[in-house]
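Inspection log for the structure reproduced underneath, given as structure tokens.
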DNA sequence: CGAGGTCTTGAAGACGATCAACAAACGTGG
DNA sequence: CCACGTTTGTTGATCGTCTTCAAGACCTCG
């Protein structure tokens, strides 16, 4: 089942029936592979498919007219990276493969059919775009109020829970194929400053990042330092 | 018709039939008034109604454990300020009345019924939450990359188009009942710095803010300074 | 008219950017 | 499988943006 990780994500938030699982899986007509540093979707593009990330890491980003870019989200396997393009029709930002990626494609036409026949499932998909928005709000809060180590720490807390919820992290560790430049573009800092903030987190014995791996040494301490409250991830089982 | 401004907003993006207009209007069971500085909805709250702003300005905000707050969105009449609470169930941030506000309440139960009977309408409501998310991404981009005058300028451009789309702004002017402290909490600056950035915009003959009114003196210049591209507002008529 | 909130400006200092140089890791072809 | 070039990471020094603290002006509304 191709949509296994997506099911996993939705099941954290509500009951998903066998029939719904099947409908979800049948949404995807084919898979596609992307190399590192290739756009999975591009700003301004009119799209007719939405993309589920199966393997690899991706990022949403916007480019300013002078070429600087801002990463607005990191995506991991199981994320429906441009589900929002189904109602929006046109991309208002790009999605980039940060590593080699494998994705599955769901035609908007098929999504429209689901919206006409399975209201509960469409509410769950709506929900998943709303959780993306909640992560955006948390991101804004971090950029407005948190220091560099706080922002990094918060990101690591969030990624740990998200990866853990699809069985891609445990014991406070996960692989992290993101460069310091990409971290800088995401959190609004220069690479130099990211480097120094990472050192600070290491010196505080909270997190160590090396060899493409994050090790959270002290979860409680990191949560305190980053002022992390997981409520916004809505990892709660509820009838939706 | 209570939902007149909401209709107006949706009609910018797609056809809305008379029947849909009626269904939309019937969603709302009653109105409610809020005084300045009162929460319309509160973080952590389990809600069973969603709130349409009819009159006044509101803001979404998150509070950190040390009391600092970050405003993540400004809301104007016609905005469905916590439609997202329908699938989310629980608020992950608060909504504050920045002026006296009048709102209309839509029970989640009624929204659920619409989702079962009118897929097109629910796609339009989904769309409106996705545009909120698009504004969040633009906000993140500003906080990561734009200077203080750029961020302010971008906000004024966005608000002008949004207000204009519900007939609350024209000729480059609109009433703006927001204090510099609130602007600071929104854009991630101190009030002192907001004040200086506003002066700079005035000295550049781009925008003047006084007496609770914004006057955009030079739209083209402001768009250039703020690197504003309205695509993310999706003010385009499309079958959704 | 008076009091509290809001705006404005100055001065000092912290945080983060930029520039620069070098070290380490990675990957690609010979 | 090693050599070499490129990308990524690390550290220091200098500079600019934004914060904080402080004080006074303005304005609004009971």
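See the values below:
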| read-out | value |
| --- | --- |
| Test: residue in region A:203-215 that is touching a helix residue (DSSP H, G or I) at 6+ places or on another chain (Cβ under 7 Å) and within 14 Å of DNA strand C (Cβ to nearest atom) | yes |
| The listed residue being assigned by TED's automatic domain parsing to the domain that holds residue A:228 and under 30 Å from residue A:21 (Cβ atoms), out of A:170, A:147 | A:170 |
| Check on residue B:150, on the phi > 0 side of the Ramachandran plot, modelled with pLDDT of 95 or more and within 13 Å of DNA strand D (Cβ to nearest atom) | no |
| Failed criterion for residue A:135 (all others in (1) in contact (Cβ under 8 Å) with a residue 40 or more places away in the chain; (2) facing chain B (nearest Cβ under 7 Å); (3) in contact with a strand residue (DSSP E or B) (Cβ under 8 Å, 6 or more places away or on another chain) hold) | (2) |
| Top-ranked residue of region A:192-201 - restricted to ones that are within 12 Å of DNA strand C (Cβ to nearest atom) and free of Cβ contacts under 8 Å to residues at least 40 places away in the same chain, ranked as farthest from the chain's Cα centre (by Cα) | A:192 |
| Residue within region B:113-124 that is within 18 Å of the chain's Cα centre (by Cα), within 14 Å of another protein chain (Cβ to nearest Cβ) and in contact (Cβ under 8 Å) with a residue 40 or more places away in the chain present | yes |
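Residues are listed down the side, and each one gets a yes or a no for (1) at pLDDT below 95; (2) crowded, with 21+ Cβ neighbours inside 10 Å:
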site: A:67; (1), (2): yes, no
site: A:70; (1), (2): no, yes
site: A:79; (1), (2): no, yes
site: A:83; (1), (2): no, yes
site: A:93; (1), (2): no, yes
site: A:112; (1), (2): no, no
site: A:119; (1), (2): no, no
site: A:125; (1), (2): no, yes
site: A:136; (1), (2): no, yes
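Matching residues to (1) more than 10 Å from DNA strand D (Cβ to nearest atom); (2) touching a residue at least 60 places away in the same chain (Cβ under 8 Å); (3) surrounded by 15 or more Cβ atoms within 10 Å (Cβ to Cβ):
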{"residue": "B:178", "(1), (2), (3)": "yes, yes, yes"}
{"residue": "B:182", "(1), (2), (3)": "yes, yes, yes"}
{"residue": "B:190", "(1), (2), (3)": "no, no, no"}
{"residue": "B:203", "(1), (2), (3)": "yes, no, no"}
{"residue": "B:211", "(1), (2), (3)": "no, no, no"}
{"residue": "B:214", "(1), (2), (3)": "yes, no, yes"}
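The values are calculated or read from the model by the stated rules, or taken from the named source; none is laboratory data. Treat the numbers as computed from the prediction; the structure is a model and nothing was measured. When we count neighbours, we look across all protein chains shown, and the Cβ atoms used for this are built from the backbone with ideal geometry, even at glycine.
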